[in-house]
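Take a look at the structure below.
The values are calculated or read from the model by the stated rules, or taken from the named source; none is laboratory data. Quick caveat, the model's predicted, so the values are computed rather than measured. Positions of Cβ are generated from backbone atoms using ideal geometry, with glycine treated the same way; all protein chains shown enter the neighbour counts.
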Amino acid sequence: MKKLSPESVLTAQKNVVSKNVASEYMLLHLESGDYFGLNASGHEFWTLVDGRRTLREISAAVSKRSGVSAETAQKEALGFFNILWKYKLIDVR
């Protein structure tokens, strides 16, 4: 299995639907039926997953928008995207 790194390019799985439900952002894995609620940070990271950006680029954009350090944003992104990868919500290349 590949290891997630700052240079990994992230793509949302085709079988994942994202919706805003009652002021909460949700991800639904259509095959498993599992759903995941995202906090504000998770939502911000998720909206930048486009199949072109690396984890480093996503982290930098969040850092710039939110004012947190690039190091902190990247650390949070690695943790967040490792969870999404574990549950097969994203593809990594």
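Cβ contacts < 6 Å: first residue in contact (Cβ under 8 Å) with a residue 40 or more places away in the chain, restricted to region 38-50; second residue outside any helix (DSSP H, G or I), any location; separation 6+ or different chain. Result?
What qualifies is Val49/Leu10; Val49/Ala12.
Out of the helices (runs of 4 or more DSSP H) lying entirely within region 33-93, which hold 2 or more residues that are closer than 15 Å to Pro6 by Cα and either of a type outside the set (Phe, Trp, Tyr) or modelled with pLDDT of 95 or more (or both)? Spell out the reasoning first.
Details: elements: 40-47, 55-66, 70-86.
In region 33-93, the matching helices (runs of 4 or more DSSP H) lie at 55-66, 70-86.
If you take the residues in region 53-79 that are polar (S, T, N, Q) and under 13 Å from the mean Cα position of the chain (by Cα), which one is surrounded by the fewest Cβ atoms within 10 Å (Cβ to Cβ)? Talk me through it step by step, then tell me what you get.
Quick first cut of region 53-79, residues polar (S, T, N, Q) only: 54, 59, 63, 66, 69, 72, 74.
Now drop any that are not under 13 Å from the mean Cα position of the chain (by Cα), which leaves 54, 59, 74.
Working: Thr54: 15, Ser59: 26, Gln74: 19.
Only one residue tops the list, namely Thr54.
If you go through region 51-83, how many residues are without any contact (Cβ under 8 Å) to a residue 12 or more places away in the chain and not polar (S, T, N, Q)? Please lay out each step first, then the result.
Of all residues in region 51-83, those without any contact (Cβ under 8 Å) to a residue 12 or more places away in the chain come to 57, 63-64, 67-72, 75, 79, 83.
Then drop every residue that is not not polar (S, T, N, Q), which leaves 57, 64, 67-68, 70-71, 75, 79, 83.
Adding up the residues that qualify gives 9.
Specify which of the listed residues (Asn82, Asn15, Asn39, Asn20) is within 11 Å of the chain's Cα centre (by Cα) and either surrounded by fewer than 16 Cβ atoms within 10 Å (Cβ to Cβ) or on the phi > 0 side of the Ramachandran plot (or both).
Values: Asn15 fails: within 11 Å of the chain's Cα centre (by Cα); Asn39 fails: within 11 Å of the chain's Cα centre (by Cα); Asn20 fails: within 11 Å of the chain's Cα centre (by Cα).
So the residue among Asn82, Asn15, Asn39, Asn20 that is within 11 Å of the chain's Cα centre (by Cα) and either surrounded by fewer than 16 Cβ atoms within 10 Å (Cβ to Cβ) or on the phi > 0 side of the Ramachandran plot (or both) is Asn82.
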